[in-house]
Amino acid sequence: MMLASYYSKQLEYVKNRYSATPQIPQSLYLLYSQEGDTFSSSEEQLSRKFSIASITKSITAMGILFLIDQKKLSLETPLDSVLPATWESKGFQSRKITILDLLRHRSGIPYRSSYMKMVKYKGGSLFIPEQIAVAGERYFYSNYNYYILKAIIEKVSGKTYSEYLKESLLDPLGMQDTQTRGSNGAGGIITSLRDLAKFGKLILHRGRLHGKPFISEQLIRKIWLTALNDGIDEEDEYGLGWHVQQENGVVTSLYHAGNWFGTFSLIHLFPQEKGMLLLWANPPNYQSKSLLEYRWKMVGLAKSYLHNLRIYTLNKTLPLNKFVGLYRAGDSHAQTKISLRQKKLVLESDISTFLKRLDLTSFIVEQKKKTTIHFVEKDGEIIGFMAGKEFYNKVF
């Protein structure tokens with residue numbers, strides 16, 4: 001496919017431009033598509049092991065989701081009902097910290113603080129910062145949330161963190177390169193691009209493994225829905241162990257980066273396009289401008305390839321001529337015509353406008369105030385579309 005050949009060369013060009021330099025001595029990548037080709041650095045490098053630092057949080061979050069799937073926890077479970085102790089700080093006790101708060105970094109516990117306290121519970125203790133906000137009210141990215149989640153996994157499962165993840169996640173997915181021993185729940189896991197791809201596929205496939213349900217699809221969707229439905233309209237939020245990017249209420253990507261001295265890693269999922277980009281590099285400075293440019297150029301290429309591949313696949317699956325016809329509104333009886341011009345669909349009304357394809361049956365009207373049209377398909381044929389609150393039946 002010419003599309004695959006073009007993007008394969010572009011990815012290699014960007015990688016070679018930024019790698020083998022003082023800023024980025026080495027780098028590896030893997031671009032996976034459920035519907036097309038997969039590109040990567042040399043095959044033998046896919047099993048190279050490296051620390052994924054904070055991507056560990058996404059794996060810890062999955063461990064918690066397994067316990068929820070087994071009905072041993074819920075997102076609303078108060079922390080002190082699992083690890084009995086006084087977790088809330090004085091002045092911030094109006095609401096208890098929940099599992100959801102910890103997963104989303106909304107416990108009120110900051111990343112750093114001069115005011116620390118020792119919390120003792122049956123079977124262990126944790127040295128954590130004092131809260132600086134009531135649980136659920138504000139976002140503070142903090143490793144301490146995931147130190148606590150690790151302790152919860154061990155308490156509820158009755159196993160060590162490493163034993164539980166090995167039995168519930170690593171062995172079933174065949175993640176043989178992955179080492180969790182020594183991880184604190186927020187960082188410290190060692191893995192490879194090959195194994196990280198297996199983990200990413202579990203999310204992209206909505207909890208299915210080898211075509212069969214492995215974990216509830218509803219729970220997998222909550223990874224991003226908890227962020228989209230929290231009443232906060234931000235382009236980049238934090239869901240259940242993942243950063244969530246959205247546009248007009250639709251999730252566009254899930255990602256997590258891992259930064260530590262001498263190592264950088266990234267897992268970036270594109271749920272709509274059913275693909276992902278994985279990166280690893282060993283920069284002396286993980287905050288360098290070169291690394292930031294390299295990361296976002298590779299993400300941009302991955303997104304472009306997956307989007308174009310999706311459109312190519314959709315056009316093969318449901319050709320545009322299927323949408324052509326006369327449509328009549330059920331209530332107002334207003335009529336509109338959709339035609340095909342220059343290999344694009346055109347909405348014929350007072351002003352003819354092109355339609356830009358979003359997915360199999362959704363298009364955006366290309367005008368200043370963009371409107372989305374959702375077509376209804378039955379047995380391979382289009383029977384109508386929804387625009388706003390009105391449904392238009394296809395007449396012919």
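The values are calculated or read from the model by the stated rules, or taken from the named source; none is laboratory data. Predicted model, so just to flag it, every value in this text is computed and none were measured. Quick reminder, even Gly has a Cβ in these numbers, built from the backbone with ideal geometry, and neighbours come from all protein chains shown.
This table checks each residue for (1) within 17 Å of F92 (Cβ to Cβ); (2) at pLDDT 95 or above; (3) not in a helix (DSSP H, G or I).
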residue	(1), (2), (3)
F127	no, yes, yes
A135	yes, yes, yes
Y141	no, yes, yes
Y146	no, yes, no
V156	no, yes, no
S168	no, yes, no
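Which of the residues that make up the stretch 307-329 are of a type in the set (S, T, Y) and either in contact with a strand residue (DSSP E or B) (Cβ under 7 Å, 6 or more places away or on another chain) or modelled with pLDDT of 90 or more (or both)?
Narrowing the stretch 307-329 to residues of a type in the set (S, T, Y): 312-313, 317, 327.
Result: Y327, single match.
Cβ-Cβ distance below 8 Å, separation of 6 or more or different chains: which pairs start in the stretch 37-48 with a residue that is in the same structural domain as W280 (by TED's automatic domain parsing) and end on one that is buried (at least 18 other Cβ atoms within 10 Å of the Cβ) and in a loop (DSSP other than H, G, I, E, B)?
What qualifies is L46/S192; S47/D177; S47/S192; R48/S192.
Does the stretch 225-238 contain any residue that is modelled with pLDDT of 95 or more, closer than 21 Å to N145 by Cα and aliphatic (A, V, I, L, M)?
No - not one qualifying residue is present in the stretch 225-238.
Take S81 and decide whether it is of a type in the set (S, T, N, Q) and crowded, with 16+ Cβ neighbours inside 10 Å.
Working: of a type in the set (S, T, N, Q): yes; crowded, with 16+ Cβ neighbours inside 10 Å: no.
So S81 fails the test.
Residues in the stretch 92-108: is at least one out of contact with any strand residue (DSSP E or B) (no Cβ under 9 Å at 6 or more places or on another chain), surrounded by 13 or more Cβ atoms within 10 Å (Cβ to Cβ), polar (S, T, N, Q) and without any contact (Cβ under 8 Å) to a residue 40 or more places away in the chain?
Yes, there is a match, as at least one residue in the stretch 92-108 is out of contact with any strand residue (DSSP E or B) (no Cβ under 9 Å at 6 or more places or on another chain), surrounded by 13 or more Cβ atoms within 10 Å (Cβ to Cβ), polar (S, T, N, Q) and without any contact (Cβ under 8 Å) to a residue 40 or more places away in the chain.
Scan the helices (runs of 4 or more DSSP H) fully inside the stretch 1-118 and keep the ones with 2 or more residues being of a type in the set (F, W, Y).
Details: elements: 2-18, 56-69, 79-82, 99-103.
Per the criteria, 2-18.
Six or more apart or on different chains, Cβ atoms under 7 Å: show the pairs whose first residue is in the stretch 254-282 and not assigned by TED's automatic domain parsing to the domain that holds A53 and whose second is small (G, A, S).
Cβ pairs passing all conditions: none.
Hey, among the residues in the stretch 330-361 that are of a type in the set (K, R), surrounded by 12 or more Cβ atoms within 10 Å (Cβ to Cβ) and within 36 Å of the chain's Cα centre (by Cα), which one's modelled with the lowest pLDDT?
Looking only at the stretch 330-361, we keep the residues that are of a type in the set (K, R), and these are 337, 341, 343-344, 356-357.
If we keep only those that are surrounded by 12 or more Cβ atoms within 10 Å (Cβ to Cβ) as well, we get 337, 344, 356-357.
Okay, now just the ones that are also within 36 Å of the chain's Cα centre (by Cα), so 344, 356-357.
Working: K344: 88, K356: 82, R357: 75.
By that ranking, first place goes to R357.
Report those strands (runs of 3 or more DSSP E) wholly inside the stretch 174-275 carrying at least 1 residues which are within 25 Å of E43 (Cβ to Cβ) and not small (G, A, S). Even if it seems obvious, please write down each step before you answer.
On the way: elements: 236-238, 243-247, 250-260, 263-270.
Counting at least 1 such residues, we get 250-260, 263-270.
Determine the pairs where a residue that is surrounded by 13 or more Cβ atoms within 10 Å (Cβ to Cβ), located within the stretch 4-24, has a partner that is in a loop (DSSP other than H, G, I, E, B) with Cβ atoms under 7 Å apart, the partner being 6 or more residues away or on another chain.
Between residues of the stretch 4-24 that are surrounded by 13 or more Cβ atoms within 10 Å (Cβ to Cβ) and residues that are in a loop (DSSP other than H, G, I, E, B), the close pairs are A4/G36; A4/D37; Y18/I24; S19/Q26; Q23/P283; Q23/S288; I24/P283.
Yes or no: the stretch 334-343 includes at least one residue that is under 21 Å from S41 (Cβ atoms) and in contact with a helix residue (DSSP H, G or I) (Cβ under 8 Å, 6 or more places away or on another chain).
Of the residues in the stretch 334-343, the ones under 21 Å from S41 (Cβ atoms) are none.
Among the residues of the stretch 334-343, not one is under 21 Å from S41 (Cβ atoms) and in contact with a helix residue (DSSP H, G or I) (Cβ under 8 Å, 6 or more places away or on another chain), which makes the answer no.
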